[in-house]
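K.L.:
The structure follows.
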Amino acid sequence: MAYVITDSCVSCGACAGECPVGAIAQGDGKYEINADSCIDCGTCAGTCPTGAIKEG
Ligand code: SF4
């Protein structure tokens with residue numbers, strides 16, 4: 001299961017630069033994780049200042 005970004009996202013962009021496979025991009029109103037690219041490493045979850053990234 002890929003990680004997911006919840007509505008707690010404030011679009012700071014902190015996570016996007018940390019993803020080793022470039023799976024995170026700005027979406028409509030919040031950042032989004034491409035489930036097909038995500039390798040489930042969990043790196044992004046630790047970088048989010050609002051705790052918006054959860055295991056899907
Ligand atoms: Fe990228 Fe890892 Fe987060 Fe998946 S879990 S979006 S691979 S940083």
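K.L.:
Could you work out how much longer the chain between MET1 and THR47 gets when fully extended? Use 0.36 nm per residue separation minus the Cα distance between them, nm to one decimal. The partial results should precede the final answer.
P.N.:
On the way: separation 46, 0.36 × 46 = 16.56 nm, distance 1.91 nm.
Stretched fully, the MET1-THR47 segment lengthens by 14.7 nm.
K.L.:
Next question, about the same structure. Relative contact order of the chain, please, whole-number percent, based on alpha carbon pairs below 8 angstrom and at least 6 residues apart.
P.N.:
Numbers: 96 pairs, mean separation 28.1, N = 56.
Rounded, it is 50 percent for the chain.
K.L.:
When the accessible area of the chain is split by element with a 1.4 Å probe, what percent falls to carbon and sulfur?
P.N.:
Values: 1500 of 3300 Å².
Of all accessible area on the chain, carbon and sulfur atoms account for 45 percent.
K.L.:
Report the residues of segment 33-56 in range of a label on VAL21: point 7 Å along Cα→C-beta, backbone N strictly under 12 Å from it.
P.N.:
Backbone N within reach: 34-43.
K.L.:
Averaged per residue, what accessible area in Å² does the chain show with a 1.4 Å probe, protein chains only? Walk me through the numbers before you get to the answer.
P.N.:
Working: 3300 Å² over 56 residues.
Accessible area per residue, the chain: 59 Å².
K.L.:
Explain nothing, just compute: Karplus ³J(HN,Hα) = 6.51 cos²θ - 1.76 cosθ + 1.60, θ = phi - 60°, for every residue of segment 4-15 in order, whole Hz, x for Gly and Pro.
P.N.:
Residue by residue, segment 4-15 yields 10, 9, 8, 5, 6, 4, 10, 6, 6, x, 4, 6 Hz.
K.L.:
Compute the signed sum of charges (Lys and Arg +1, Asp and Glu -1) over the other residues within less than 14 Å, Cβ to Cβ, of GLY56. Kindly include the intermediate steps, with their values, before the conclusion.
P.N.:
Numbers: positive: LYS54; negative: GLU32, ASP36, ASP40, GLU55.
Neighbourhood net charge equals -3.
K.L.:
Give the value in nm², to one decimal: projected area of the alpha carbon convex hull of segment 3-55, averaged over all directions. Don't jump to the answer; show the numbers that get you there.
P.N.:
On the way: hull surface 12.0 nm².
Averaged projected hull area, Cα only: 3.0 nm².
K.L.:
Using the Karplus equation 6.51 cos²θ - 1.76 cosθ + 1.60 (θ = phi - 60°), what ³J(HN,Hα) coupling, rounded to whole Hz, does each residue of segment 43-56 give in order, writing x for Gly and Pro?
P.N.:
For segment 43-56, the Karplus curve yields 4, 4, 4, x, 9, 6, x, 10, x, 7, 9, 10, 5, x Hz.
The values are calculated or read from the model by the stated rules, or taken from the named source; none is laboratory data. Given the structure is predicted, the values throughout are model-derived calculations rather than measurements. Glycine gets a Cβ as well: all are built from the backbone with ideal geometry, and neighbour counts include every protein chain shown. SASA here: full protein model, heavy atoms, side chains in, ligands and nucleic acids out. Shrake-Rupley method; radii C 1.70, N 1.55, O 1.52, S 1.80 Å.
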